[in-house]
Amino acid sequence: MSRKIYVFDTTLRDGEQVPGAKLNRKQKLEIATQLAKLGVDIIEAGFPCSSPEDLKAVAAVAEQVRGPIIAGLARAVQADIDQAWQAVQKSERPRLHVFLGSSDIHLQKKLHRDRNSAIEMAVTAVKYAKSLCPDVEYSTEDASRTDFDYLCRVIEAAIAAGATTINVPDTVGYAIPEEFGALIRRLKETVPALDRAVLSVHCHNDLGLAVSNSLAAIRNGAQQVECTINGIGERAGNASLEEIVMALRTRSALFEAHTDIVTPEIFKTSRMVSRLMNIPVQPNKAVVGANAFSHSSGVHQDGILKDRTTYEIMRPEDVGIRQHSIILTARSGRAALRHKLEEIGYKLEDEQFQRVHQRFINVADRKKEISSEDLASIVEIELSKVRETFTFQDLQIMSGNTLMPLASVCLLKDGERKVDAATGNGPVNAVFNCIERIMEKEGTLRDFDLKAVTMGKDALGEAMVRVEIDGTIYSGIGTSPDIIEASARAYVNAFNRFFAHGHNGN
Ligand code: KIV
Ligand code: ZN
């Protein structure tokens, strides 16, 4: 009999801990709505005590997103639990997720507590959480480096205090699959109280083993996996949702386990998270990377043409990568655009459609065909835009290998054209310098990524930047058939995020 594995998605909490990936309320809601469509069982929407904005964003998810359980994270202290509860209580299915370090390293170096007093602290916190919410998850942080007997004592005490899910995190990605699987099996055999709780795992990817460890845990009795879309998260990231789900599906006979994930929603969710959080997906990323289903060697192509199963263990359509009927060009009308948008899963309000249509025309004038991927990129960038203090208008560039690049840029502010010129050590640098001159604000470029949305010489370029402005990192994204324009749009987008955080544009 196939066991159901609960999918606990923490993209909006652990995933959001990636520097520069901070989401605003609207963006969190958009991703949470898509996660519900994807069929995750639990959405960890945030860490409400981390900021008043996050508390409000988690509350918005709890109030508006129906279907999954909505969890809020809290340290094992009353003030955190109160804020987490304030955030999630309006959900039809709220969960409080309380955590406390359990390894000696955490107890001695971070918490300055002995084992007994840490158990007392955990019990007090779980009891308090339980007095507010029937669904309480308790995480034994750094479990994989915790003394086994002590770990059993903590788990027993947390269940006796009311925890309904026990999470065993490999917080620092230290575990090795055989060892982690054995830990889960031994816990199940040693702690009878686990019969009354769901046993969960939460694996980090510091040694690249997060998915393997999660799967080993499932084979040994874990009932819930905590994971993120595209594997994003603290440091090297978390276990990737799509990889775990597709491994269970592809090798269902071996695992005798399944999830309720609607796998054709995977690709769209992956791209949405990548764009809204400004974290590119590496081309060779399993399941959702641009090359995951492309075959380049002649032998493989020959095999695929004879029968796809020769070199494909999953079908692209199973994860939502589809070929679409209509090809859009500059001559496509509004009806065709609407049709195509609906085909790829976007139902837009009139005002949103206008914005997307305008940008579509602008891009289609310069690119022969607009693919589904191009369109998805345009939609998500347009819809995720913050209030624009400055709007990109146009740019000119003079560049070559023997002259210093010179850029002239025009931005619109309050309806007025603002134009300036600047040099730089390359054309993109010249454009960024020019944008800073117009905005009268400097930033430090921390990260710059440029990729083609699709194949081909006339591919749409998508630029992602992370810019440090006044000590905080803001990310920006831009798209255009011209990569310098895409970069300029991304840079302006990052500064607009800075201005949207209450700073004044000159
Ligand atoms: O990695 C970790 O231990 C965590 C806990 C809060 C579950 O993220
Ligand atoms: Zn974590």
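Any idea what angle helix 427-439 forms with the longest principal axis of the chain, computed on alpha-carbon atoms, 0 to 90 degrees, nearest 10?
Once rounded, one gets 90 degrees.
Kirkwood Rh, region 92-214, all Cα pairs: how many Å?
14.4 Å is the Kirkwood radius here.
How long are the three semi-axes of the equivalent ellipsoid of region 146-255, in whole Å, if each is the root of 5 times an eigenvalue of the C-alpha gyration tensor, listed from largest down?
23, 15, 13
Quick one: divide the alpha-carbon radius of gyration of region 364-506 by 2.2 N^0.38 Å and tell me what you get.
After normalising by residue count via 2.2 N^0.38 Å, the value is 1.01.
Once you've got the Cα coordinates, tell me which of Lys56/Lys127; Lys418/Lys441; Lys127/Lys188; Lys28/Lys385 are over 18 Å apart.
Listed pairs above 18 Å: Lys56/Lys127; Lys127/Lys188.
When the expected Rg is taken as 2.2 N^0.38 Å, what fraction or multiple of it is the alpha-carbon Rg of region 13-66?
1.04
Between Asp149 and Arg235, how high is the FRET efficiency from 1/(1 + (r/R0)^6) when r is the Cβ-Cβ distance and R₀ = 41 Å? Nearest 0.05.
So the FRET efficiency works out to roughly 0.90.
Divide the volume of the convex hull of the Cα atoms of region 3-277 by its number of residues and quote the answer in cubic angstrom per residue.
Cα convex hull per residue, to the nearest whole number: 110 Å³.
Just report the Cα centroid separation between region 350-365 and region 1-49, whole Å.
29
Evaluate the distance, in nm, between pseudo-label points positioned 7 Å from the Cα of Asp470 and of Thr329 along their respective Cα→Cβ axes.
In this crude spin-label approximation the distance works out to 4.9 nm.
What percent does the relative contact order of region 3-62 come to when contacts are Cα pairs within less than 8 Å and at least six residues apart?
For region 3-62, the relative contact order is 42 percent.
Can you tell me how much longer the chain between Glu120 and Gln78 gets when fully stretched, taken as 0.36 nm per residue apart minus their C-alpha distance, in nm with one decimal?
Contour length minus the Cα-Cα distance gives 13.8 nm.
Can you tell me the Rg and Dmax of the chain, counting just the alpha carbons, in angstroms?
Reported Rg and Dmax, both Å: 24.4, 75.
Compute from the Cα atoms of region 324-384 the Rg and the Dmax, the latter being the longest Cα-Cα distance, and quote both in angstrom.
10.1, 27
Need the C-alpha centroid separation for region 62-127 versus region 409-483, integer Å.
Centre-to-centre (Cα) distance: 41 Å.
Provide Rg over Rh for region 120-160; use the alpha carbon set for both Rg and the Kirkwood Rh (inverse mean inverse pair distance).
That ratio equals 0.99.
What angle do you read, to the nearest 10 degrees and between 0 and 90, between the alpha-carbon axis of helix 266-277 and the longest principal axis of the chain?
70
For region 134-189 and region 223-280, what is the centre-to-centre distance using only Cα atoms, to the nearest Å?
Using only Cα atoms, the two centres lie 22 Å from each other.
Hey, what angle do you get for helix 115-132 against the long axis of the chain, alpha-carbon based, 0 to 90 degrees rounded to 10?
70
Using the Kirkwood radius built from alpha carbon pairs, what does the Stokes-Einstein equation give as D for region 60-131 at 10 °C and 1.306 mPa s, in µm² per second?
Diffusion coefficient, whole number: 122 µm²/s.
Quick check: pseudo-label points 7 Å beyond the Cα along Cα→Cβ at Glu369 and Ser399, how many nm apart are they?
It is 2.8 nm.
Taking N as the number of residues in region 1-146, what is its Cα Rg relative to 2.2 N^0.38 Å?
1.06
Contact order normalised by length for the chain, with contacts defined as Cα pairs under 8 Å and 6 or more residues apart; what percent is it?
Here the relative contact order equals 10 percent.
Using 1/(1 + (r/R0)^6) with R0 = 35 angstrom and r between the beta carbons of Arg251 and Gln89, what's the FRET efficiency to the nearest 0.05?
0.30
Starting from the Cα of Ala193, step 7 Å along the direction of its Cβ; do the same at Arg387; then give the gap between the two resulting points in nm.
Output for this residue pair reads 5.0 nm.
Give, in nm to one decimal, the length gained when the segment between His112 and Arg308 is fully stretched (0.36 nm per residue of separation minus the Cα-Cα distance).
Result: 64.8 nm gained on full extension.
Report P(r) for region 292-393: all Cα-Cα distances, bin width 5 Å, range 0 to the bin holding the largest distance, values in whole percent.
2, 10, 19, 18, 13, 12, 10, 8, 4, 2, 1
Read the figures in this text as sums done on the coordinates, not as results from a lab. This one's a predicted model, so the numbers in the text were calculated from it and none came from an experiment. Every residue, glycine as well, gets a Cβ built from its backbone with ideal geometry; the counts of neighbours run over all protein chains shown.
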